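The values are calculated or read from the model by the stated rules, or taken from the named source; none is laboratory data. As the structure is a prediction and not an experimental result, all values here were calculated from the model. FYI the Cβ positions are ideal-geometry reconstructions off the backbone, even for glycines, and counts take in every protein chain you see.
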Amino acid sequence: MLKEIEVLFRTSRIVRRLYVSSQALGARMFQLPCMTDRSFARLLVDLNVELFIDIGANMGQQGITLRVGGYRGSILSLEPSRAAYDRLTRTAHRDDAWDVMMLGVSFQGGRSRINIAPDLGMSSSLLEPTAELRRVSPGAVPSAAESVEVVTLNDVLSKLQSNTKHIWLKMDIQGMEGPILSSISELDSNIVGIKLEASYQDLYAGALRIEELISECRRLGFDLWSVAQGPTSRFGRAHYCDLFVVRQDLTRV
């Protein structure tokens, strides 16, 4: 099983590199070194994370890197779009500790319209793209749309077993991070850390920028732990990154 996961991991990395390289012809983007996948997996182990909730799981790339890095806890992956969800189920089907759900997460439950991007769905969003996104990353501009089912984060957390005490939340949801963060209350003390994508520019309509997201995380009692840089322009301007925040009482790890 581990060998199969490693093959899937390498394949997902190759696909991502090919996509970024193809953008170089237009947007001239390239990938910078960042916090390693193994370091992230070790952090989850050190924090005794029992459940990793992957919101916006796409094809399961994050789950693959966690398994290769040594994380053996439970994974719950949520992905609303049909094509990505079908690939996600194939990725996770032999892992008994990895559950998948065809759902999106928003500030309210019901049906919603998701804009599907042609980059294997990695940039799909419930929000509308801005002119800035069209300029810096034309490959992330939606080419289709789907009606999908969405739930709130509280809906997800309420269905968990009451003895699940250490949860890591990951959000790769293109601009919806702010509304989800605002729904986290002080009662959600089982969340020990969050990984979320943050933009330096206004890439999605109404989305919070990186400085606003960091401020919101601090308000909720999380300190910035690390940053994984995303693509930049050929002049070095960063477009987005991944933030890793840890609950303040646990930052001595």
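Here Y200 fulfils each of the conditions (1) farther than 25 Å from P80 by Cα; (2) of a type in the set (F, W, Y); (3) at pLDDT 90 or above apart from (3). Annotation: of all residues in the range 224-251 being part of a strand (DSSP E or B) and of a type in the set (S, T, Y), the one that is surrounded by the fewest Cβ atoms within 10 Å (Cβ to Cβ) is S226.
Residue check: is R94 assigned to a loop (DSSP other than H, G, I, E, B) and surrounded by fewer than 16 Cβ atoms within 10 Å (Cβ to Cβ)? Outline the logic, then answer.
On the way: assigned to a loop (DSSP other than H, G, I, E, B): yes; surrounded by fewer than 16 Cβ atoms within 10 Å (Cβ to Cβ): yes.
Taking the combined requirement at face value, the residue satisfies it.
In the range 223-249, the residues that are among the β-branched types (V, I, T) form Cβ pairs under 8 Å with partners that are at pLDDT below 85 and not in a strand (DSSP E or B), at six or more places apart or across chains, as follows: V227/C34; V227/M35; T232/M29; T232/L32; T232/H239; V246/V253.
Which residues, taken from the range 39-83, are of a type in the set (S, T, N, Q) and in a loop (DSSP other than H, G, I, E, B)? Within the range 39-83, N48, N58, S81 qualify.
I want to confirm something. Restricting to the range 165-183 and keeping residues that are among the β-branched types (V, I, T) and under 14 Å from L196 (Cα atoms), which single residue is surrounded by the most Cβ atoms within 10 Å (Cβ to Cβ)?
The initial filter retains those residues of the range 165-183 that are among the β-branched types (V, I, T), namely 167, 173, 180.
From what is left, the residues that are under 14 Å from L196 (Cα atoms) are 173, 180.
Numbers: I173: 25, I180: 19.
Only one residue fits best here, namely I173.
Consider the range 122-164 and keep the residues that are among the hydroxyl-bearing types (S, T, Y) and without any contact (Cβ under 8 Å) to a residue 40 or more places away in the chain. The one that is surrounded by the fewest Cβ atoms within 10 Å (Cβ to Cβ) is S162. Can you name the residue in the range 103-121 that is surrounded by fewer than 17 Cβ atoms within 10 Å (Cβ to Cβ) and assigned to a loop (DSSP other than H, G, I, E, B) and, of all such residues, is modelled with the highest pLDDT? Among residues in the range 103-121 that are surrounded by fewer than 17 Cβ atoms within 10 Å (Cβ to Cβ) and assigned to a loop (DSSP other than H, G, I, E, B), the one modelled with the highest pLDDT is G109. Of the set (1) modelled with pLDDT under 95; (2) buried (at least 17 other Cβ atoms within 10 Å of the Cβ), all apply to A83 but (2).
For the range 148-181, filtered to residues that are of a type in the set (G, A, S) and either assigned to a loop (DSSP other than H, G, I, E, B) or at pLDDT 90 or above (or both), the residue that is nearest to Y85 (Cα to Cα) is G175.
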